[in-house]
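Worksheet: one structure, shown below.
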Amino acid sequence: MGRDRAPARTRGFTLIEMLVVMLIMGLAVGLASAIVRPDSRAQLRVEAQRLAQLLDLAASESRLSGQTIAWTADGSGYRFWRMSADSEWTEVRDSDLLRARTLPRGMRISGLRIESMPARGAMRLVFGPYGPAPSFTIELSMGTARYAVAASPIGEITVLPGAGNSRGRLALR
C-alpha cells in the first residue's frame, strides 16, 4: 500500500506578495524624497522671512550708525551698500549678515513698489538714518508661489503670502 505522494514543491513569493512589497517600498521612497526636498512654497517663505529680517537689520543699523544704507536687487540676488563719508556707495563686505546673497535656483525678486509706486529702473531701497522709513513691498516668486516682504510707514516689516497680477500689484490671499 503505497501512497502516492505529490512531489515537494519549493515555495516562492506570490504576485500579490511582490506587489505589496513594491507598494511599501514606493511609499517609503516617496516619503523620504518629500522630507529631503522641501516644497517651493516653504523654501520661498523662508527666503522672504530672511529678507525681511535683513531689511529690518539694515534700517536699524542705519539709524544707529548714522550712515545711509541701501539695498539693491537684480532678479536672482541682492546686496547691501553703505554710503561713505565722501558720498560714495560701497558694498557692505564687513558684515556676514548684510553680505551679498544669491537666491536659490528658480526663485526671483519679481517686483518692488516704494510708497505704492513701482520702482523705476534698478530695484533700490535707501534707508536713511534720519526721517521716516520708506514703505515698500518686495515680491518674491518661485514658479506660481508668491510672497511679499512689506514695510509699513512706521517701519514694521512683515512677510505676506500673495500672488502678483499682470500690473505688478500684490493681491493678497
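Need one number: nm distance between label points at E115 and A85, each 7 Å from Cα along Cα→Cβ, rounded to one decimal.
3.1
Across 5 Å bins from 0, what is the distribution of all Cα-Cα pair distances for region 40-172, in whole percents?
2, 11, 22, 24, 21, 12, 6, 2, 0
I need W81, W71 ordered by Cβ neighbour count within 10 Å, fewest first. Can you show the working numbers first?
Details: W81 19, W71 23.
Ordered by Cβ neighbours within 10 Å, fewest first: W81, W71.
Based on the Cβ-Cβ distance of L23 and T144, what FRET efficiency does E = 1/(1 + (r/R0)^6) give at R0 = 35 Å, to the nearest 0.05?
Details: r = 31 Å, r/R0 = 0.89.
Efficiency computed from Cβ-Cβ geometry: 0.65.
Can you pull out the GluC sites (Glu not before Pro) in region 46-97 whose DSSP state is coil and whose Cβ has at most 15 other Cβ atoms within 10 Å? Before the final figure, lay out the partial values.
Details: sites: E47, E61, E88, E91; in loops: E88.
When the GluC sites (Glu not before Pro) of region 46-97 are filtered for loop state and at most 15 Cβ neighbours within 10 Å, E88 remain.
Say R0 is 30 Å: what FRET efficiency, to the nearest 0.05, do I16 and R41 get from their beta-carbon distance?
0.20
Read-outs: derived from the displayed coordinates by stated rules, not from any lab. Please read these numbers as outputs of a predicted model, since none were measured by experiment. Counting neighbours? That spans all protein chains shown, and the Cβs are built from the backbone with ideal geometry, glycine included.
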